[in-house]
Amino acid sequence: MIDSIRAKKSLGQNFLKDPLYLCKIADAAQVCPDDQVLEIGPGLGHLTGVLAKRARRVLALELDTRLIPVLEREFSGQDHVAIVHADALEYPYAALTGKWKAVANLPYYISTPIIQLLIDHCDKFSTLTLLLQKEVARRIASPPGSKEYGFLSVLVQLSAEPRIEFMVPAGAFTPVPKVDSAVVTLRLREHPAACKTDKAFLISMLKAVFSQRRKTLRNGLKPLAIPPDRLDAVPGQTGIDLSRRAETLSVEEFCALADFLREQQTA
Ligand code: SAM
């Protein structure tokens, strides 16, 4: 159909057409006839077509103006498919009604901010099934203590249970990217790990402690300017030894640490 359109590198366009992988993605997302599915970046519409056959409703957000008329033509007469010209980083997800499943072969250059955004609207989504750069998928799904566990792992695991579904080789895409990919499903928790403190503080703390992974927590926390005597109280109050490294802390321990430090900052 639209194969004459040249892929734009600047928009992360690596198209996936192989019906086997497209079906595997829809299977991993467990798309059912009752589902509302949000697709980010429908591209040439191959995955959209598979989703449209299985779901009650598909909302597809595409930034590339060249693709909009072609997608509209492709899905004309399918009233349950809406093609919307929008930047997925700016879309008002809060206005979505009911529960949705997000399914996307994400543009890799913005995969992390998109994941953050979707997780920030976790009341709107039951699952996110995302085709990501393999390394990003591994980071998201890594448990504490592993070398890939970091900022993104904690941020995601606070709100979701991640699972790597399967790998997709670079050769399956057109044009062929430089990296291999993986499909990950994030099942959003009904009750996200409880942090009393605001998310902005938690994020600044995570960025500080993971920015230099080899440092102890005590050194990593320096940018937060917590008075030393208050840091001394951390082990007694939270059970967390500040000579540990960030990568050894569980999500629950990060919450406890953020809650305590935030109180110290505002005390
Ligand atoms: N879903 C198609 C597929 O699997 O072949 C295309 C995937 S391609 C990796 C990423 C798609 O996201 C492209 O169509 C690109 O134009 C679109 N895109 C890039 N940035 C976007 C943004 N900020 N908002 C919405 N779509 C975007």
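What the table below lists for this structure:
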quantity	calculated
Spatial extent of the range 199-266: Rg and Dmax, with the Cα atoms as the point set, Å	10.5, 28
Within the chain, longest stretch clear of exposed trypsin sites (Lys or Arg not before Pro) (DSSP loop, no more than 16 other Cβ within 10 Å)	100-146
Calculated log₁₀ intensity ratio I(q)/I(0) where the Debye formula runs over C-alpha points of the chain, q = 0.08, 0.17 Å⁻¹	-0.37, -1.24
Bins of 5 Å from zero: percent of alpha-carbon pairs in the range 105-256	2, 9, 17, 21, 18, 13, 10, 6, 3, 1, 1, 0
Average accessible surface area per residue within the chain, 1.4 Å rolling probe, Å²	47 Å²
Residues with amide H under 5 Å from that of residue 59, placed H, sequence gap 5 or more	37, 38, 39, 82
Förster radius 41 Å - calculated FRET efficiency between residue 27 and residue 229 (Cβ-Cβ, nearest 0.05)	0.15
Solvent-accessible ranking of 122, 255, 23, largest area first, probe 1.4 Å	23, 122, 255
Apportionment of accessible area to carbon and sulfur, the range 1-82, percent (1.4 Å)	50 percent
Of all accessible heavy-atom area on the range 112-182, the percent that carbon and sulfur account for (1.4 Å)	53 percent
Overall Cα dimensions of the range 81-180 - principal axes, largest extent first, Å	38, 34, 21
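The values are calculated or read from the model by the stated rules, or taken from the named source; none is laboratory data. Since we're looking at a predicted model, the values are computed, not measured. Note that each Cβ is placed from the backbone with ideal geometry, even for glycine, and that neighbours are counted across all protein chains shown. Remember, those area values only see protein heavy atoms, side chains included, never the ligands or the DNA or RNA. Shrake-Rupley method; radii C 1.70, N 1.55, O 1.52, S 1.80 Å.
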